[in-house]
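Student: Have a look at this one.
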Amino acid sequence: MRIVVEWFGQLRDDVRCVREEIEAPGSSLLEIYEALESSRHLSLPASLLRVALDGEIVDWDRRPADGSQVVFLPPVGGG
Amino acid sequence: MESFFLLQEAPLDPFALSRGMADPSAGAFVGFEGRIRDRASAGSVKHLEYQAHADLCAKIGTEIVTSSVERFGLRAAAAAHRTGILRPGESAIWIGVLAGHRQEAFPACAWILENIKRELPVWKKEVLADGSGTWIH
């Protein structure tokens, strides 16, 4: 299953990429993030993040479909 | 008037935004502008880089301003947030609140700001004069 991941903030700096299509390394969003955290050397644990799937903020146990858009949201800092 | 939320890379025009907040039944208008400081605890600030998830910002930002209208009994509320590279003195955020009286307007403006800071998917990197950068949250 392939998904599209868009990166922001500190995680964008980690991966040096804005948006990419990847083969999902897991089935739930949490599994996918934890696999990427290890393989891509991400500097933030899932416990500090929220996650969005196809334009909605969702729980980490949700499972993306083929072609889903996923965003791992670092702690925000607006204003 | 309709409440609204804007996300834009172009500089904010707080005077134009405030002029647009018009309702003859409103006795109070409170505006807030958040600007980039030239000093941080670690040194002189060169600029702040703001990134945002546009679709989620539109949804969450609109929810925040419309919720404030109901919660505080406002005539209208609005907010605008910048993205991109902002230098000291530039406005990163503008908030406008129209209400019958000041007693609703001041707390509503503060409530919108705190909720934007807590919920809006916006990220900022503080870049110092020495070139070092830190994501602020």
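Any read-out appearing in this document is the output of simple, stated calculations on the displayed coordinates, not a laboratory observation. What you see is a predicted model, and the numbers here were worked out from it, not measured in a lab. A quick note on method: Cβ atoms are made from the backbone with ideal geometry, for glycine too, and the neighbour counts reach across all protein chains shown.
Student: State all residues of the stretch A:45-63 that are within 15 Å of A:Val5 (Cβ to Cβ), within 14 Å of another protein chain (Cβ to nearest Cβ) and over 11 Å from the mean Cα position of the chain (by Cα); if no residue qualifies, say none.
Tutor: Hits for the stretch A:45-63 are A:Asp54, A:Gly55, A:Val58.
Student: Among the strands (runs of 3 or more DSSP E) confined wholly to the stretch B:53-107, which include 1 or more residues that are β-branched (Val, Ile, Thr)?
Tutor: Once the strands (runs of 3 or more DSSP E) in the stretch B:53-107 are filtered for at least 1 residues that are β-branched (Val, Ile, Thr), what remains is B:84-86, B:91-99.
Student: Filtering the stretch B:37-66 down to residues that are more than 11 Å from every other protein chain (Cβ to nearest Cβ) and β-branched (Val, Ile, Thr), which residue is farthest from B:Ala77 (Cα to Cα)? Show your work before the answer.
Tutor: Here is the first cut: in the stretch B:37-66, the residues more than 11 Å from every other protein chain (Cβ to nearest Cβ) are B:37-47, B:62-63, B:65-66.
Filter once more, so that each one left must be β-branched (Val, Ile, Thr): B:45, B:62, B:65-66.
Details: B:Val45: 31, B:Thr62: 10, B:Val65: 6, B:Thr66: 7 Å.
So the residue we want is B:Val45.
Student: So which of A:Phe8, A:Phe72 is more than 9 Å from the chain's Cα centre (by Cα), within 14 Å of another protein chain (Cβ to nearest Cβ), under 30 Å from B:Arg87 (Cβ atoms) and of a type outside the set (Val, Ile, Thr)? Before the answer, list the steps.
Tutor: Numbers: A:Phe72 fails: more than 9 Å from the chain's Cα centre (by Cα).
Sole residue among the options that is more than 9 Å from the chain's Cα centre (by Cα), within 14 Å of another protein chain (Cβ to nearest Cβ), under 30 Å from B:Arg87 (Cβ atoms) and of a type outside the set (Val, Ile, Thr): A:Phe8.
Student: Can you tell me which residue within the stretch B:111-137, out of those that are within 12 Å of chain A (Cβ to nearest Cβ), in a helix (DSSP H, G or I) and touching a residue at least 24 places away in the same chain (Cβ under 8 Å), is farthest from the chain's Cα centre (by Cα)?
Tutor: Taking the candidates together, the pick is B:Glu119.
Student: To continue, here is another question. Tell me, yes or no, whether the stretch B:77-86 has at least one residue that is in contact with a strand residue (DSSP E or B) (Cβ under 8 Å, 6 or more places away or on another chain), crowded, with 16+ Cβ neighbours inside 10 Å, within 14 Å of chain A (Cβ to nearest Cβ) and farther than 24 Å from A:Asp13 by Cα.
Tutor: Residues of the stretch B:77-86 that are in contact with a strand residue (DSSP E or B) (Cβ under 8 Å, 6 or more places away or on another chain), as a first pass: B:77-86.
Retained after the next criterion (residues that are crowded, with 16+ Cβ neighbours inside 10 Å): B:77-83, B:86.
Imposing the further condition that a residue be within 14 Å of chain A (Cβ to nearest Cβ) reduces the set to B:79-83, B:86.
If we keep only those that are farther than 24 Å from A:Asp13 by Cα as well, we get B:79-80.
For the stretch B:77-86, residues in contact with a strand residue (DSSP E or B) (Cβ under 8 Å, 6 or more places away or on another chain), crowded, with 16+ Cβ neighbours inside 10 Å, within 14 Å of chain A (Cβ to nearest Cβ) and farther than 24 Å from A:Asp13 by Cα: present.
Student: Closer than 22 Å to B:Leu7 by Cβ, touching a Phe, Trp or Tyr at 6+ places or on another chain (Cβ under 7 Å) and free of Cβ contacts under 8 Å to residues at least 60 places away in the same chain: which single residue out of A:Val51, A:Val15, A:Val58 fits that description?
Tutor: Every option except A:Val51 fails the conditions.
Student: A follow-up question, please. Just to be sure, is A:Leu73 among the hydrophobic types (A, V, I, L, M, F, W, C), farther than 30 Å from B:Arg35 by Cβ and buried (at least 17 other Cβ atoms within 10 Å of the Cβ)?
Tutor: In short, no.
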